[in-house]
Amino acid sequence: MVGYDRTAEGFFWLAGQGGYGLQTAPAMAAAVEALATGGDWPEGLAELGVTAGTLGPERLFNGSPH
């Protein structure tokens with residue numbers, strides 16, 4: 001998962017690569033850059049249907065903080 005934690009101001013998650021860190025590093029680096037800086041979402045990820053919500057920590061909490 002990657003993104004800011006909505007319950008801990010300033011805390012940015014980058015965790016849970018599941019042993020695939022080397023394979024996903026270029027895409028995750030692009031996602032981190034976009035999320036951390038507020039920049040544009042990477043075209044390559046968008047083309048694959050990957051969104052910030054797909055990767056974000058909020059997806060683990062079903063809409064509730066914890």
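Of all the numbered requirements in (1) surrounded by 13 or more Cβ atoms within 10 Å (Cβ to Cβ); (2) modelled with pLDDT under 90; (3) aromatic (Phe, Trp, Tyr), TYR20 misses one, and that requirement is (1). Only one residue in ALA29, ALA8, ALA34 is of a type in the set (A, V, I, L, M), free of Cβ contacts under 8 Å to residues at least 40 places away in the same chain and in a loop (DSSP other than H, G, I, E, B), so which one is that? That would be ALA8, the only listed residue that is of a type in the set (A, V, I, L, M), free of Cβ contacts under 8 Å to residues at least 40 places away in the same chain and in a loop (DSSP other than H, G, I, E, B). For the range 23-42, a residue qualifies if it is β-branched (Val, Ile, Thr) and surrounded by 11 or more Cβ atoms within 10 Å (Cβ to Cβ), and the qualifying residues are THR24, VAL32.
Pairs linking a residue in the range 44-59 that is more than 9 Å from VAL2 (Cα to Cα) and open to solvent by less than 50 Å² (accessible area, probe 1.4 Å) to a residue that is not in a helix (DSSP H, G or I) and not charged (D, E, K, R), with Cβ atoms under 9 Å and 6 or more positions apart or on different chains, are GLY44/VAL50; LEU45/THR51; VAL50/TRP41; VAL50/PRO42; GLY53/GLY3.
Report yes if THR37 is at pLDDT 90 or above, polar (S, T, N, Q) and more than 10 Å from the chain's Cα centre (by Cα), otherwise no. Judged against the criteria, THR37 is a match.
The values are calculated or read from the model by the stated rules, or taken from the named source; none is laboratory data. All values reported here derive from a predicted model rather than from experimental measurement. For neighbour counting, all protein chains shown are included, and Cβ atoms are generated from backbone atoms with ideal geometry for every residue, glycine included. Calculation scope for accessible area: heavy atoms of the full protein, side chains included, ligands and nucleic acids excluded. Shrake-Rupley method; radii C 1.70, N 1.55, O 1.52, S 1.80 Å.
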